[in-house]
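Here is the structure we will look at.
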Amino acid sequence: MKFINLFAIMLLLTPLILAKTKEEWKTRTVYQLLTDRFYRDNDDRSSCGNLRKHCGGTFKGITKQLSYIKGMGFDAIWISPIPINQGDDYHGYAFIDMYKINPHFGTDEDLKELIRQCHKQDIWVMVDVVANHVACIGEDYGRIHPFNKREHYHNPCQIDFNRMWQDKYMRENCRLFCLPDLDQSNPYVRSELKRWVRYIIDTYGFDGIRIDTVAHVPLDFWKEFADAAGVYQVGEVLHGDVRIVAEYQQSLDALLNLSLIHISEPTRLGMISYAVFCLKKKKKKKKHKKKKKK
């Protein structure tokens, strides 16, 4: 009996023992791809046509192109959220059923095969996850699985993006656009989100997770969510002030350095201005030389 119990404990701990550490992830170069837009498995390379609808990229399509990704020097990929979305939501960030794979991307087995082939080529796989909101279903909560009750959500209110960073309550409780906001203080919601993230790690073998909309959920939840996942996590906090972004790193392994967007924009504009200035100087010199020849 003791042997059986010990064996069971070892099985439970195995995923955590094999998980890639933060330090190991620092050695990797990650290629982000939007699953629907990356590659079709029938090798059709024609244009998408309507970019507001699905374009046909699949897990099998990614699998076909792993040598291409590897050849560019990448040794990790970051793929779109995997649950089924509604209608034309090709991006994956608005689920209707957390436990069902998006059929536009492929099947359970297609996803498992993608990850198997990635690992054969020493490519790690990070999956995007969403724990803040669900699909745009108004208040028809019965359409969502497993969060199908009114009590699973915050009271409907709308985020004002002009005041969002001055109003923490609004940021953490109101809706981004039309997306119903999950209430992580509800015991069922809290435990189910943690159970789900552990489920996808165990079922598919992901090496890491990228977490969407981190700033829209209380910090204490993310520590529990990260512990439940048991793999490397990198979060998204879309703000230009690195001091505000850094606050959220208390609960996660890492955050995307989105503050660089605000730093690089004036730098980019400055470089363009400098290039234009140089071109003008060259033109003046040419005119000056022509005058001398005359």
TODO: Kindly check whether there is at least one residue in the range 24-33 that is touching a strand residue (DSSP E or B) at 6+ places or on another chain (Cβ under 9 Å), of a type in the set (Ser, Thr, Tyr) and modelled with pLDDT of 95 or more.
DONE: yes
Task: helices (runs of 4 or more DSSP H) within the range 155-232 that include 3 or more residues in contact with an Asp or Glu (Cβ under 9 Å, 6 or more places away or on another chain) - done: 168-173, 187-204
TODO: Would you mind finding the one in 56, 73 that is touching a Lys or Arg at 6+ places or on another chain (Cβ under 8 Å), in contact (Cβ under 8 Å) with a residue 12 or more places away in the chain and either assigned to a strand (DSSP E or B) or over 30 Å from residue 184 (Cα atoms) (or both)?
DONE: 56
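Within the range 132-140, is there a residue that is in contact (Cβ under 8 Å) with a residue 12 or more places away in the chain and open to solvent by 60 Å² or more (accessible area, probe 1.4 Å)? Write out each step before concluding.
So in the range 132-140, the residues in contact (Cβ under 8 Å) with a residue 12 or more places away in the chain come out as 132-139.
Add one more test, that the residue is open to solvent by 60 Å² or more (accessible area, probe 1.4 Å), and what stays is 139.
Looking for residues that are in contact (Cβ under 8 Å) with a residue 12 or more places away in the chain and open to solvent by 60 Å² or more (accessible area, probe 1.4 Å), one finds at least one in the range 132-140, hence yes.
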Task: Subset of the range 210-237 [closer than 23 Å to residue 173 by Cβ and either charged (D, E, K, R) or at pLDDT below 85 (or both)] - done: 212, 220, 223, 224, 236
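Scan the range 104-114 for residues that are in a helix (DSSP H, G or I), touching a strand residue (DSSP E or B) at 6+ places or on another chain (Cβ under 9 Å) and surrounded by fewer than 21 Cβ atoms within 10 Å (Cβ to Cβ) and jot them down. Working first, answer last.
The first filter runs over the range 104-114 and keeps only residues in a helix (DSSP H, G or I), leaving 108-114.
Add one more test, that the residue is touching a strand residue (DSSP E or B) at 6+ places or on another chain (Cβ under 9 Å), and what stays is 108, 110-111, 114.
The answer is 108, 110.
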Task: Filter result for the condition that a residue is buried (at least 16 other Cβ atoms within 10 Å of the Cβ), over 17 Å from the mean Cα position of the chain (by Cα) and closer than 28 Å to residue 150 by Cα, over 197, 189 - done: 189
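Being in a helix (DSSP H, G or I) and either of a type in the set (D, E, K, R) or more than 26 Å from residue 232 (Cα to Cα) (or both): is that true of residue 88 here? Even if it seems obvious, please write down each step before you answer.
Working: in a helix (DSSP H, G or I): no; either of a type in the set (D, E, K, R) or more than 26 Å from residue 232 (Cα to Cα) (or both): yes.
Judged against the criteria, residue 88 is not a match.
The values are calculated or read from the model by the stated rules, or taken from the named source; none is laboratory data. Nothing here was measured: the structure is a model prediction, and the numbers come from that model. As a convention, Cβ positions derive from the backbone with ideal geometry for all residues, glycine included, and neighbour counts pool all protein chains shown. The protein model used for the area step is the full one, side chains on, heavy atoms only, and it has no ligands, DNA or RNA in it. Shrake-Rupley method; radii C 1.70, N 1.55, O 1.52, S 1.80 Å.
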